[in-house]
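Structure first, commentary second.
The values are calculated or read from the model by the stated rules, or taken from the named source; none is laboratory data. Here the structure is a predicted model, which means the values were calculated and not measured. Counting neighbours? That spans all protein chains shown, and the Cβs are built from the backbone with ideal geometry, glycine included.
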Amino acid sequence: MPVSIDIDNLDKRFVMRHTRSIKESVLWLLKGRRGDLSRKFSALEGVSLTIQQGETVALLGFNGSGKSTLLKHISGVMLPDAGTVRIRGRVAGLIEVGAGFHPDLSGRDNVFLNGSILGMTEKEIRQQFDSIVEFSEIGEFIDTEVRFYSSGMYLRLAFAVAVHTDPDIFLIDEILAVGDEPFQKKCLAKIKELNEAGKTLVVVSHDFDMVRKVCERGVVLEHGRIVQDGTVSEAIGHLRAG
Amino acid sequence: MTAGSSSRDDDAVGLVSPGHSAGLRDVVGSRFLLKLLVDKEIKVRYRGSVLGLLWSYVKPAVQFVVFYIALGIFLGLEQSERNPAGLPNYAIYLFSGIVLINFFTEALSNASRSIVTNGGLIKKIYLPRQLFPVSAIWVSGIHFLPQMVILVVACLLTGWTPSVLQLGTAVLGFLIVALLATGLGLIFGAVNVYFRDAENFVDMLLMVATWASPVLYAWTMVRDQLGQTALQIYLLNPLTIGVESFHFAFWMPTAEQTQGLPPSFLSVWVPIGLVVSILVVLLGQLLFSRLEGRFAQEL
């Protein structure tokens, strides 16, 4: 199996600036630069991770452990301070539901806009359009403005677009918590189907039951470092043991 | 680890680092997305307003009337029997400059805010971020069209018969201004992520822009009041070149005797204007790609 995601010694530091006002900066200079105007903290430190094509990986850890930041490096939204991140093929993510949806546009317009944002060509969207609408169960509301949608409808349409982008790597960040049970089941079935077709899955979630159903491998992050890498059961065991 | 570092190199073929853009070239590759973003902006802009797209006509019309009365009549820029030193056909003179400056103002102002406005998306999904300033410029170009139609109709009513050279110069003049707006839009759009002062600075810049080019008065006044050297500096401003190109194309054919173009305008100054604008685009591109890596964490 070829490598799908290769992360080597990744470092990411965030600068927390306390102020951006010129007045406070001047006062700070006058006081002889006492104290720090900014505080740095490491979101990720020396993270190395290789994921083969077709693997299903759960990124686990407590809030603030760096899971979402790692996902953002895989999708290219953030760039590493040190180290490298390399991927093979197209990435699509459900990083947050409906990012790229515009409330004042109809569902139809949003399918085109969001599909295109996620990297689909015009032809691909036209080919997949009926299938997207069918999967989303939006039906006749597809020509209604999205701001009139319920949160469930919103999620279903967003998920439907994302799974039809035909990515090689699929990133899922804590989205399946929304939506009713039948739709969750449908999503899980679709995700399994994608995986059987050889797609790589990287899932961030606190829902251990869901993670156990979808993923084989589990990686635990703690304060920006990988502390455990094995089967998903081992990872969950590690977290539960605290 | 499931793979040792030794096998890493063998499998590395086809691996790419995500999040590294090829700048404006990526925008060309994402034409369909650009079109969708522009369509969205056009649809959303006047949503819920009664006059809708008519606002694109009403605003410049009111602005024109105010300037015409205040400057043309009160301050005596319009030529008349009592005021032979004024500009003939001042209404056309004024309007041909105003439409171009309006385009520039809207384009730069929206492009400078485009990255922060689309922050929600930029933080979550990777896509060529240059798309946002470029689509802002494009939208302004579409709003510019109805004003162009009014200008052409007004010109035709006053006996407009332009030459091919004049029309070509106008196209070039528009291009110079559009490129300048794109370059500055990339610069201030990127800087605005780090310092929100940028958008206020742009507002100030745009206020100056109207007066730093011969929109309301004639370029000869700069020469007569400030001298030749000042005129050279004045002509280095690509906006001056754009506005004079529009005067050359739309106003001069309708006015019998005019002060003419600045010396060696077509042979020297138009090419210089184009070069300056292209340099600004290159600078904008460079600065934007240096700053965009940290957009997601700064927004």
Residue count, the range B:60-88 (criterion: part of a helix (DSSP H, G or I) and either in contact (Cβ under 8 Å) with a residue 40 or more places away in the chain or of a type in the set (A, V, I, L, M) (or both)): 10
Scan of the range A:150-162 for residues that are surrounded by fewer than 22 Cβ atoms within 10 Å (Cβ to Cβ) and either under 16 Å from A:ILE132 (Cα atoms) or in contact with a Ser or Thr (Cβ under 8 Å, 6 or more places away or on another chain) (or both), ordered by number: A:GLY152, A:MET153
Close pairs (9 angstrom Cβ cut-off, 6 or more residues apart or separate chains): more than 9 Å from chain A (Cβ to nearest Cβ) and more than 12 Å from B:ASN192 (Cβ to Cβ) in the range B:109-128, in a helix (DSSP H, G or I) and among the hydroxyl-bearing types (Ser, Thr, Tyr) anywhere: none
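How about the range A:192-242: which strands (runs of 3 or more DSSP E) wholly inside it have at least 3 residues that are surrounded by fewer than 17 Cβ atoms within 10 Å (Cβ to Cβ)? Write out each step before concluding.
Values: elements: A:200-204, A:217-222, A:225-231.
Of the strands (runs of 3 or more DSSP E) lying wholly inside the range A:192-242, those with at least 3 residues that are surrounded by fewer than 17 Cβ atoms within 10 Å (Cβ to Cβ) span A:225-231.
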Out of B:PRO271, B:PRO263, sole residue that is closer than 30 Å to B:PRO84 by Cβ, exposed (fewer than 14 other Cβ atoms within 10 Å of the Cβ) and of a type outside the set (Val, Ile, Thr): B:PRO263
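Results for (1) over 13 Å from the mean Cα position of the chain (by Cα); (2) modelled with pLDDT of 90 or more; (3) away from chain A (no Cβ under 14 Å), shown as yes or no for each residue.
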{"residue": "B:THR182", "(1), (2), (3)": "no, yes, yes"}
{"residue": "B:ILE187", "(1), (2), (3)": "yes, yes, yes"}
{"residue": "B:VAL193", "(1), (2), (3)": "yes, yes, no"}
{"residue": "B:ASP197", "(1), (2), (3)": "yes, no, no"}
{"residue": "B:LEU206", "(1), (2), (3)": "no, yes, yes"}
{"residue": "B:THR210", "(1), (2), (3)": "no, no, yes"}
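For the range B:108-120, name all the residues that are buried (at least 20 other Cβ atoms within 10 Å of the Cβ) and assigned to a helix (DSSP H, G or I). Write out each step before concluding.
From the range B:108-120, those buried (at least 20 other Cβ atoms within 10 Å of the Cβ) are B:108-115, B:118; that's our starting set.
Answer for the range B:108-120, where residues must be buried (at least 20 other Cβ atoms within 10 Å of the Cβ) and assigned to a helix (DSSP H, G or I): B:LEU108, B:SER109, B:ASN110, B:ALA111, B:SER112, B:ARG113, B:SER114, B:ILE115.
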Total residues in the range B:229-256, condition over 16 Å from B:CYS155 (Cα atoms) and part of a loop (DSSP other than H, G, I, E, B): 1
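Have a look at A:PHE129, A:PHE159, A:PHE170, A:PHE135 and point out the one that is without any contact (Cβ under 8 Å) to a residue 24 or more places away in the chain and outside any loop (DSSP other than H, G, I, E, B).
On the way: A:PHE159 fails: without any contact (Cβ under 8 Å) to a residue 24 or more places away in the chain; A:PHE170 fails: without any contact (Cβ under 8 Å) to a residue 24 or more places away in the chain; A:PHE135 fails: without any contact (Cβ under 8 Å) to a residue 24 or more places away in the chain.
Of the residues listed, the single one that is without any contact (Cβ under 8 Å) to a residue 24 or more places away in the chain and outside any loop (DSSP other than H, G, I, E, B) is A:PHE129.
Among what's in the range B:27-59 and is in a helix (DSSP H, G or I) and of a type in the set (Gly, Ala, Ser), pick the residue that is farthest from the other protein chains (Cβ to nearest Cβ). Spell out the reasoning first.
The initial filter retains those residues of the range B:27-59 that are in a helix (DSSP H, G or I), namely B:27-29, B:31-45, B:52-59.
Among the residues that remain, those that are also of a type in the set (Gly, Ala, Ser) are: B:29, B:52, B:56.
On the way: B:GLY29: 10, B:GLY52: 14, B:SER56: 18 Å.
Going through the qualifying residues, I end up with B:SER56.
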Single match in A:ILE74, A:ILE87 (criterion: within 30 Å of A:SER42 (Cα to Cα), at the interface with chain B (Cβ under 9 Å from one of its Cβ atoms) and either of a type in the set (Gly, Ala, Ser) or touching a helix residue (DSSP H, G or I) at 6+ places or on another chain (Cβ under 9 Å) (or both)): A:ILE87
